[in-house]
Amino acid sequence: MIVEGEKCADAANAKVGDTLEVISWPGGGKAVAKCDWSQIRGRQVILWADADAKLYPANHECAGEIMPEHKQPGMLAMSKLAAILRAQDCEVFFVDIPGPGEVPDGWDVADLIAGGGDAAAVIEWTTKLRAETLPPTQTEECDDVPAWVAEQLETVPAELPAGARPRANGAIRAMLFKNERGYVKGCRENVFTVMQHDAKLIGLVGLDLFSGLQVKRRVPPWPSEPGEWTESDDFRLGLYMAQHHDLVLAAIGDIERGVAQAAREHAFNPVTEYLDRCKSMWDGTARVANAFTTYWGGVDSEYLRLVATMFFIGIVVRGYRPGVKHDLAPVFEGGQGRGKSTALKILGGDWFADTPFKMGEKDGYLSIQGVLLYEVAELEQFNRSEVTAIKAFMSSTTDRFREPYGRRMKNMPRRCAFGATTNEDQYFKDTTGNRRFLPVATGTLDLDGLNRDRDQLFGEAIHMLDAGVLWYPTRDQQERLIDQHQESREIPDPWVGKVYEYVENLDEYGNTIGAGPLQRVTVRQLLTKGLGHELSKLGPAKLETMRVSAIMRKLGWIKGRDAHGARERFYARPGSLDANPSTGEDDDLPF
């Protein structure tokens with residue numbers, strides 16, 4: 001145990017000298033870095049700082065107030081000493097002394113004993129320990145600390161993860177696996193052990209559960225910055241372990257596997273952490289339902305309020321419940337340069353992406369890992385097959401792929417929500433599958449307001465989710481509010497008018513001809529008589545038949561199939577005798 005001053009050392013030795021080696025140093029607190037501490041290299045050390053209660057000086061803005069503990073001279077001296085000792089492989093602990101002002105200024109172990117404290121009282125205090133050092137932000141106050149000690153102060157984190165057990169290098173070395181000759185063995189288990197007990201490495205790398213990446217959560221003890229763990233970090237870590245722990249690794253794979261396990265031990269989810277903060281800071285003001293009016297400049301309506309609510313709740317539900325079914329995306333309409341993409345980027349923040357990729361392929365699955373909001377940009381430029389692939393991709397709840405150089409397929413629950421943008425007001429190229437896209441006509445966007453209120457919007461959305469508000473429409477909402485907006489964005493099909501004139505027996509001017517409206521019509525009649533196609537020139541993929549089917553469905557006719565003879569497919573006018581849905585029940589068979 002190291003105390004400040006000979007008086008303290010003598011008093012403590014008289015009580016617990018047979019249990020602890022109690023020492024001090026000459027010259028007071030400012031001389032701590034001028035002594036030779038090499039004789040206690042590798043030892044376990046308890047530091048008992050004086051419980052000072054000094055005030056800020058008169059020329060300070062906080063004049064007359066008690067300075068915090070890390071600024072008190074006793075703790076400053078012991079913090080400098082802790083850095084020196086840790087650099088010499090010592091395992092260092094601080095006695096949990098009373099806070100500034102809780103006891104008389106300068107209270108120490110000698111005062112405890114003078115007040116009647118016996119050996120048991122001294123031992124009891126030495127079991128109240130905490131592993132801490134001078135916060136890195138305070139290193140500028142240590143003018144008399146040698147450069148190599150200041151480096152220690154900068155690389156030892158002020159706060160270690162909960163449950164961390166930092167040990168001195170000598171103690172760590174004793175824990176490592178050795179080979180038959182007694183040398184430290186280069187293996188993944190030893191890499192993991194060092195990363196779990198070296199104070200500079202504990203919690204340095206964590207597994208980002210949202211992106212699946214290994215991330216440096218603070219500045220490492222080598223030239224680098226917080227962020228994704230790289231091959232350079234593997235090399236630097238190997239060099240560090242060789243220099244400080246005699247751990248030399250021949251295979252880079254051992255470092256990678258040891259780092260991977262250490263990262264799993266310190267896993268975290270930045271998205272749920274962020275959303276939890278948003279939830280706790282929500283001010284209670286409702287903003288979500290009117291968001292598309294307030295921030296996107298849309299015209300207020302029940303439809304727009306519904307879509308805004310589903311959009312924001314859909315984002316947070318994918319953050320909290322990966323893999324939940326959510327295949328809807330608003331399509332923000334408006335001229336180029338209005339800021340539609342910028343608005344989505346503000347919402348997605350660090351978890352936004354808009355990099356184009358071919359949906360349905362491996363690169364697509366990889367591209368959305370770690371993404372909370374993905375923009376499908378310029379929707380009108382995609383052809384029919386590409387839009388079909390986008391719809392199928394959006395509907396997936398699990399991404400199955402193999403990472404580059406990975407040995408196993410991975411199943412990753414879908415974590416991202418989608419938003420689309422377009423410069424057109426008509427962009428649906430067919431009538432099927434458009435329910436996934438929810439048109440939103442934008443006006444003048446308030447990007448500053450959106451940036452300001454982003455956290456509040458997500459906070460409210462989480463409260464709405466907890467209250468049971470849905471992120472998808474009911475059947476009534478779909479039919480009453482959404483269908484009409486989706487149909488109005490369909491690119492007109494010139495066949496619709498021709499088919500309508502044929503089944504209603506109208507000429508091109510709208511005059512009735514023949515015997516009046518048809519009650520039943522076959523696909524063959526529609527193609528040959530209604531549209532004038534020759535059967536021999538129809539494509540083998542039946543694209544024309546599918547196009548006619550979509551038109552008749554839009555007109556409300558009911559599909560059927562003859563039970564006898566050629567068993568031709570036909571359509572019957574709603575309300576007619578042939579309009580029996582049961583006649584087409586086999587149309588739902590897969591083949």
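The values are calculated or read from the model by the stated rules, or taken from the named source; none is laboratory data. What you see is a predicted model, and the numbers here were worked out from it, not measured in a lab. Virtual Cβ from ideal backbone geometry, glycine too; neighbours counted across all protein chains shown. Heavy atoms of the whole protein, side chains included, go into the accessibility calculation; ligands, DNA and RNA do not. Shrake-Rupley method; radii C 1.70, N 1.55, O 1.52, S 1.80 Å.
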message = Looking only at region 307-341, how many residues end up being among the aromatic types (Phe, Trp, Tyr) and in contact with a strand residue (DSSP E or B) (Cβ under 9 Å, 6 or more places away or on another chain)?
response = 2
remark   = Flagged pairs (Cβ under 7 angstrom, 6 or more apart or on separate chains; first in region 90-101, among the small types (Gly, Ala, Ser); second open to solvent by 10 Å² or more (accessible area, probe 1.4 Å) and part of a loop (DSSP other than H, G, I, E, B)) are GLY101/ALA53
task = Residue by residue through region 469-504, note down the ones that are part of a loop (DSSP other than H, G, I, E, B), surrounded by 14 or more Cβ atoms within 10 Å (Cβ to Cβ) and at pLDDT below 85.
result = ARG489, ASP493
query = farther than 28 Å from ALA83 by Cα and either open to solvent by 10 Å² or more (accessible area, probe 1.4 Å) or in contact (Cβ under 8 Å) with a residue 60 or more places away in the chain (or both), is that true of LYS185?
reply = yes
ask   = Applying the selection to region 317-333, what residues are out of contact with any helix residue (DSSP H, G or I) (no Cβ under 7 Å at 6 or more places or on another chain), in contact (Cβ under 8 Å) with a residue 60 or more places away in the chain and either more than 11 Å from THR272 (Cα to Cα) or open to solvent by 20 Å² or more (accessible area, probe 1.4 Å) (or both)?
value = PRO322, GLY323, LYS325, GLU333
ask   = Got a sec? Which helices (runs of 4 or more DSSP H) wholly within region 159-257 have at least 3 residues that are under 25 Å from ARG130 (Cβ atoms)?
value = 169-175, 188-197
message = Contact list please: Cβ distance under 6 Å, first residue in region 443-465 and in contact (Cβ under 8 Å) with a residue 12 or more places away in the chain, second residue in a helix (DSSP H, G or I) and of a type in the set (D, E, K, R), pairs at least six apart or on different chains.
response = GLY459/LYS279; ILE462/LYS279
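Does GLY29 fit the bill of being open to solvent by 30 Å² or more (accessible area, probe 1.4 Å), in contact with a Leu (Cβ under 8 Å, 6 or more places away or on another chain) and at pLDDT below 85? Outline the logic, then answer.
Numbers: open to solvent by 30 Å² or more (accessible area, probe 1.4 Å): no; in contact with a Leu (Cβ under 8 Å, 6 or more places away or on another chain): yes; at pLDDT below 85: yes.
No; evaluated as a whole, the condition is false for this residue.
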ask   = under 30 Å from TYR320 (Cβ atoms), part of a helix (DSSP H, G or I) and open to solvent by 50 Å² or more (accessible area, probe 1.4 Å): does that describe ASP453?
value = no
inquiry  = Looking at the structure I just gave you, is VAL288 outside any helix (DSSP H, G or I), among the β-branched types (Val, Ile, Thr) and open to solvent by less than 30 Å² (accessible area, probe 1.4 Å)?
reply    = yes
query = Out of curiosity, is ALA550 out of contact with any Gly (no Cβ under 7 Å at 6 or more places or on another chain), modelled with pLDDT under 70 and either among the hydrophobic types (A, V, I, L, M, F, W, C) or closer than 25 Å to ASP493 by Cα (or both)?
reply = no
query = Take the residues of region 505-544 that are assigned to a helix (DSSP H, G or I) and farther than 25 Å from GLY575 by Cβ: which is most open to solvent (accessible area, probe 1.4 Å)?
reply = LYS537
query = When you go through SER211, SER232 one by one, which is the residue that is open to solvent by 20 Å² or more (accessible area, probe 1.4 Å) and touching a helix residue (DSSP H, G or I) at 6+ places or on another chain (Cβ under 9 Å)?
reply = SER211
remark   = With criteria (1) in contact with an Asp or Glu (Cβ under 6 Å, 6 or more places away or on another chain); (2) at negative phi; (3) not basic (Lys, Arg), ASN59 comes up short on (1)
inquiry  = List pairs: first residue in region 107-121 and touching a residue at least 40 places away in the same chain (Cβ under 8 Å) and surrounded by fewer than 16 Cβ atoms within 10 Å (Cβ to Cβ), second residue polar (S, T, N, Q) and part of a loop (DSSP other than H, G, I, E, B) anywhere in the structure, Cβ distance under 9 angstrom, at least six positions apart or on different chains.
reply    = ALA119/THR19
query = Out of (1) open to solvent by less than 30 Å² (accessible area, probe 1.4 Å); (2) hydroxyl-bearing (Ser, Thr, Tyr); (3) farther than 22 Å from ARG436 by Cα, what's the single condition that is false for TYR303?
reply = (3)
inquiry  = Looking only at region 244-285, count every residue that is under 21 Å from the mean Cα position of the chain (by Cα), hydrophobic (A, V, I, L, M, F, W, C) and open to solvent by 80 Å² or more (accessible area, probe 1.4 Å) and tell me the total.
reply    = 1
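From the list ALA77, ALA53, ALA12, ALA63, pick out the single residue that is in a loop (DSSP other than H, G, I, E, B) and closer than 15 Å to ASP108 by Cα.
ALA53
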